[in-house]
1. Looking only at the range 10-38, filter to residues that are among the aliphatic types (A, V, I, L, M) and open to solvent by 50 Å² or more (accessible area, probe 1.4 Å); which one of those is farthest from Arg108 (Cα to Cα)?
2. Test each condition in (1) under 29 Å from Asp204 (Cβ atoms); (2) over 15 Å from the mean Cα position of the chain (by Cα); (3) of a type in the set (A, V, I, L, M) for Ala32 and report the one that comes out false.
3. All but one of (1) exposed (fewer than 12 other Cβ atoms within 10 Å of the Cβ); (2) at pLDDT 90 or above; (3) not in a helix (DSSP H, G or I) hold for Leu184; which doesn't?
4. Hey, among the residues in the range 90-139 that are among the polar types (S, T, N, Q), part of a helix (DSSP H, G or I) and within 24 Å of Ser41 (Cβ to Cβ), which one's least open to solvent (accessible area, probe 1.4 Å)?
5. Go through (1) hydrophobic (A, V, I, L, M, F, W, C); (2) touching a strand residue (DSSP E or B) at 6+ places or on another chain (Cβ under 9 Å); (3) open to solvent by less than 10 Å² (accessible area, probe 1.4 Å) for Trp78 and report which single condition fails.
6. If a residue has to be assigned to a strand (DSSP E or B) and either out of contact with any Lys or Arg (no Cβ under 8 Å at 6 or more places or on another chain) or open to solvent by 80 Å² or more (accessible area, probe 1.4 Å) (or both) to count, how many in the range 140-168 make the cut?
7. Among helices (runs of 4 or more DSSP H) lying entirely in the range 5-87, which contain 1 or more residues that are touching a residue at least 24 places away in the same chain (Cβ under 8 Å)?
8. Can you say whether Asn2 is over 20 Å from Leu147 (Cβ atoms), assigned to a helix (DSSP H, G or I) and without any contact (Cβ under 8 Å) to a residue 60 or more places away in the chain, as far as the supplied structure shows?
Amino acid sequence: MNAEFEKLAHEAANSNQTFEQYLLQLTELEVAARSTNALTSRIKQAQFPVEKGLEDYDFAAMKSVNKQKVLELARGEWVRQHTNLCLLGQPGTGKTHLAIALGLAACREGIRTKFFTAAALVNQLETAQQQYSLERLLNRLDKLDLLIVDELGYLSFSRAGAELLFQVFADRYERRSLLITSNLAFSDWGQIFQGERMTAALLDRLTHHCEIFEMNGESYRFKESMKQKKPPRKKA
């Protein structure tokens, strides 16, 4: 308002606007600026590795992904209802892309979001525990409406790390939302959490209110690599 009030005052005077009309226009400008700044701040705090939108996702190449369902999820109601989302499938099928795109959509809906790889999150939890600051980190995570954990299953964890990750996931049950991507089927999650008992307890909570996408198909990266290697067609 401080930056624009003189300019708008001149325009209002030249167009014979009332004071109420001028004040409304100035206030609307301030509200729009605050909304833009808040969105920028939410996206920055989410710490996405890159910014990728749904408009860039190739739904035609991944037939198992329901485009209309994804567009519905982009409205953010699933997060407000404390539902979870799991994207499971082979490497290179666009799980991370979709997770980032839905995370960005959540930010636009005013949803507090944070992106981690599973390895980075476990590393932070273990470091916080060693430095006696675990409770502070858990409190920060608890304030997030949507916690995105990418690449679960790509790297193994220590028993202590797996237990800490279990605690984060379990604490969000019916209170906050999780978006998890993994290259492992649920039946293989015992490899991550190092035991059937803890795995069963986690999956019972995680899948109680959960949308699940099985994203199996040919790797995008592999197809692009093959296209680049393909020799040009000879002219007749």
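The values are calculated or read from the model by the stated rules, or taken from the named source; none is laboratory data. All values reported here derive from a predicted model rather than from experimental measurement. Every residue, glycine among them, receives a Cβ derived from its backbone with ideal geometry; neighbour counts consider all protein chains shown. We work out accessible area using only protein heavy atoms, side chains counted, and drop any ligands, DNA or RNA first. Shrake-Rupley method; radii C 1.70, N 1.55, O 1.52, S 1.80 Å.
1. Top of the filtered list is Ala13.
2. The number of the failed condition is (1).
3. (1)
4. Within the range 90-139, the subset among the polar types (S, T, N, Q) is 90, 93, 96, 113, 117, 123-124, 127, 129-131, 133, 139.
If we keep only those that are part of a helix (DSSP H, G or I) too, we end up with 96, 123-124, 127, 129-130, 139.
Pick out the ones that are also within 24 Å of Ser41 (Cβ to Cβ) and you get 96, 124, 139.
Working: Thr96: 46, Gln124: 82, Asn139: 82 Å².
Going through the qualifying residues, I end up with Thr96.
5. That leaves (3) as the condition not met.
6. Start the filter on the range 140-168 by keeping residues that are assigned to a strand (DSSP E or B), which leaves 146-152.
Keeping just the survivors that are either out of contact with any Lys or Arg (no Cβ under 8 Å at 6 or more places or on another chain) or open to solvent by 80 Å² or more (accessible area, probe 1.4 Å) (or both) gives 149, 151-152.
Within the range 140-168, residues that are assigned to a strand (DSSP E or B) and either out of contact with any Lys or Arg (no Cβ under 8 Å at 6 or more places or on another chain) or open to solvent by 80 Å² or more (accessible area, probe 1.4 Å) (or both) number 3.
7. Numbers: elements: 5-14, 19-46, 67-73, 77-80.
Once the helices (runs of 4 or more DSSP H) in the range 5-87 are filtered for at least 1 residues that are touching a residue at least 24 places away in the same chain (Cβ under 8 Å), what remains is 19-46, 67-73, 77-80.
8. Details: over 20 Å from Leu147 (Cβ atoms): yes; assigned to a helix (DSSP H, G or I): no; without any contact (Cβ under 8 Å) to a residue 60 or more places away in the chain: yes.
Spelling it out, it is not the case that Asn2 is over 20 Å from Leu147 (Cβ atoms), assigned to a helix (DSSP H, G or I) and without any contact (Cβ under 8 Å) to a residue 60 or more places away in the chain.
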